[in-house]
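Only one structure is covered here, and it is reproduced in the block below.
The values are calculated or read from the model by the stated rules, or taken from the named source; none is laboratory data. Predicted, not measured: the structure shown is a model, and the values here were computed from it. All Cβ positions, even for glycine, are placed from backbone atoms using ideal geometry, and neighbour counts span all protein chains on display. The accessibility values were calculated without ligands, DNA or RNA, using every heavy atom of the protein model including side chains. Shrake-Rupley method; radii C 1.70, N 1.55, O 1.52, S 1.80 Å.
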Amino acid sequence: MPKRQHRSEVESDLGLLFVTVASGFEKDAISELQDSLGDALVRCRPIFKGIVLISTSIDVRKAAKIVEGHKTSYVAKVVPVDRVVKADLERIVDSVLEIGGIEEKDAFAVRCTRRGRHPFSSRDVERAVGNAIRGGRVDLEDPNVTINVEILFDKAYVSVLKAGEMVSKRVGVERKWEKGKRPLNRSELKMVEILELLPEIASCNVALDLGAAPGGWTKILSKHVRKVYSVDPAQLDEDILKLGNVSYLPKKLEELTIEDVPQRADIITCDANISAQELVSVIGKVVADFLSEKGLLVLTLKAVTPKIEEELTNSARVLAERLKDLRVDVLTLTKLPHNTRRELTCICKRM
Ligand SMILES: C[S@@+](CC[C@H](N)C(=O)[O-])C[C@H]1O[C@@H](n2cnc3c(N)ncnc32)[C@H](O)[C@@H]1O
């Protein structure tokens with residue numbers, strides 16, 4: 001059989017990982033994958049409910065092992081992809097033969113998972129591939145080689161994997177939460193941690209939550225304060241919109257006007273997806289316009305360059321200088337358990 005090729009047809013210079021994740025938690029899974037792979041992760045796309053495709057600059061099998069070694073809650077299965085071909089029985093069989101790597105001594109199993117409508121079943125794929133392989137013997141119980149075919153609509157992601165090369169992880173989120181207690185997203189857990197650090201939030205009247213969608217922070221804040229103004233150009237979750245004390249302002253934080261928020265806020269929070277540097281340049285005006293005397297300010301500083309620590313430290317320094325002019329002191333700059341590798345949380349108070 002020809003030599004194995006680990007590169008996909010569609011992304012010739014990058015490797016591909018087909019990753020199944022907790023459905024509805026794709027963003028959180030992507031964040032975990034980014035944390036695990038760092039700069040080796042070139043591109044990350046949710047391509048279907050519960051499926052994320054990763055392009056990586058390193059060997060795909062090595063990348064899968066790196067993810068295996070990291071603590072994750074939302075990642076289920078990490079499959080290094082050898083070929084991406086048209087979802088056609090003949091093309092799939094050909095691609096398996098081209099990848100090769102199955103020897104006489106091997107015990108193999110073919111596994112196919114199909115999503116979408118096709119004129120063949122998963123079982124047809126398994127049978128066709130199994131029949132075409134010369135050498136080795138079928139062993140569905142304890143194979144040392146698995147031919148894995150993930151079909152998603154018109155594409156088939158084909159891999160020939162030795163035992164242990166496909167990584168399966170326990171999805172914590174599926175079982176972790178009692179009924180009705182599941183958080184909206186990972187961000188919500190950051191706000192729970194902030195509340196532990198800053199119990200005085202509970203005595204605030206008005207909160208202004210910037211970069212609020214889908215609404216994890218707003219959800220927690222709304223339980224503790226009288227009124228929450230939630231600002232985000234993206235849509236808030238339906239259940240959050242229904243909360244009686246939440247006003248949704250569908251705009252960017254830079255576009256906020258005094259008319260939007262008719263009262264000063266006792267706490268301003270910002271988890272917007274903007275770089276720490278951008279945040280530093282825009283937050284001063286919001287503080288000046290909306291933060292009350294003795295008000296609290298909670299910001300997630302987000303790094304966007306590879307020099308994460310340097311970027312965050314510099315931004316925090318400039319932020320502290322700018323806020324001083326507004327009589328706002330930085331109380332803590334901390335890494336919360338649910339901050340990503342690229343984030344720090346900055347807690348401040350107006351004096
Ligand atoms: C990580 S999410 C926030 C999650 C939120 N804290 C929660 O608990 O659900 C980041 C949000 O920032 C928003 N965003 C990005 N740029 C923004 C801007 N200039 N002003 C306001 N929101 C912004 C995005 O639309 C996105 O919804």
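Regarding region 217-224, can at least one residue be identified that is assigned to a loop (DSSP other than H, G, I, E, B) and either modelled with pLDDT of 95 or more or not polar (S, T, N, Q) (or both)?
The answer is no, given that none of the residues of region 217-224 is assigned to a loop (DSSP other than H, G, I, E, B) and either modelled with pLDDT of 95 or more or not polar (S, T, N, Q) (or both).
Run residue 24 past the list (1) at pLDDT 90 or above; (2) among the small types (Gly, Ala, Ser); (3) within 12 Å of the chain's Cα centre (by Cα); (4) outside any helix (DSSP H, G or I) and report the number of the one that doesn't hold.
Of everything listed in (1) at pLDDT 90 or above; (2) among the small types (Gly, Ala, Ser); (3) within 12 Å of the chain's Cα centre (by Cα); (4) outside any helix (DSSP H, G or I), residue 24 misses just condition (1).
Okay, residues lined up against (1) of a type in the set (A, V, I, L, M); (2) surrounded by fewer than 17 Cβ atoms within 10 Å (Cβ to Cβ); (3) without any contact (Cβ under 8 Å) to a residue 12 or more places away in the chain:
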position	(1), (2), (3)
105	no, yes, no
108	no, no, no
125	yes, no, no
137	no, yes, no
141	no, yes, yes
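Only one residue in 149, 192, 160 is within 29 Å of residue 63 (Cβ to Cβ) and either in contact with a Cys (Cβ under 6 Å, 6 or more places away or on another chain) or in the same structural domain as residue 235 (by TED's automatic domain parsing) (or both). Which one?
149
Looking at region 304-314, is at least one residue charged (D, E, K, R) and within 22 Å of residue 185 (Cβ to Cβ)? Don't jump to the end; show me each part of the working.
Quick first cut of region 304-314, residues charged (D, E, K, R) only: 307, 309-311.
If we keep only those that are within 22 Å of residue 185 (Cβ to Cβ) as well, we get none.
No: region 304-314 contains no residue that is charged (D, E, K, R) and within 22 Å of residue 185 (Cβ to Cβ).
So which residues in region 312-344 are farther than 19 Å from residue 284 by Cβ and of a type outside the set (A, V, I, L, M, F, W, C)?
Correct list: 313, 332, 334, 335, 337, 338, 339, 340, 341, 342, 343.
Among all residue pairs at least 6 apart or on different chains, which show Cβ distances below 7 Å where the first residue, located in region 266-286, is among the charged types (D, E, K, R) and the second is near the ligand (Cβ under 9 Å from one of its atoms)?
Note: pairs meeting the criteria are 271/187; 271/211; 271/217; 271/300.
Considering only residues of region 201-220 that are more than 6 Å from the ligand (Cβ to nearest atom) and open to solvent by 10 Å² or more (accessible area, probe 1.4 Å), which is nearest to residue 232 (Cα to Cα)?
219
Kindly indicate which of 61, 4 is closer than 18 Å to residue 165 by Cα, over 15 Å from the mean Cα position of the chain (by Cα), modelled with pLDDT under 95 and not in a strand (DSSP E or B).
4
Please state which of the following conditions residue 198 fails to meet, knowing it meets all the rest: (1) away from the ligand (no atom under 12 Å from the Cβ); (2) open to solvent by 40 Å² or more (accessible area, probe 1.4 Å).
Exception for residue 198: condition (2).
Only residues that are assigned to a strand (DSSP E or B) and out of contact with any helix residue (DSSP H, G or I) (no Cβ under 7 Å at 6 or more places or on another chain): list them for region 112-127, please.
Matches in region 112-127: 115 only.
Does residue 171 count as in contact (Cβ under 8 Å) with a residue 60 or more places away in the chain and β-branched (Val, Ile, Thr)?
yes
Note down all Cβ pairs under 6 Å where the first residue falls in region 23-47 and is assigned by TED's automatic domain parsing to the domain that holds residue 58, the second is open to solvent by 60 Å² or more (accessible area, probe 1.4 Å), and they're at least six residues apart or on different chains.
The qualifying pairs are 23/49; 26/46; 35/341; 36/70; 39/306; 40/57; 41/34; 42/57.
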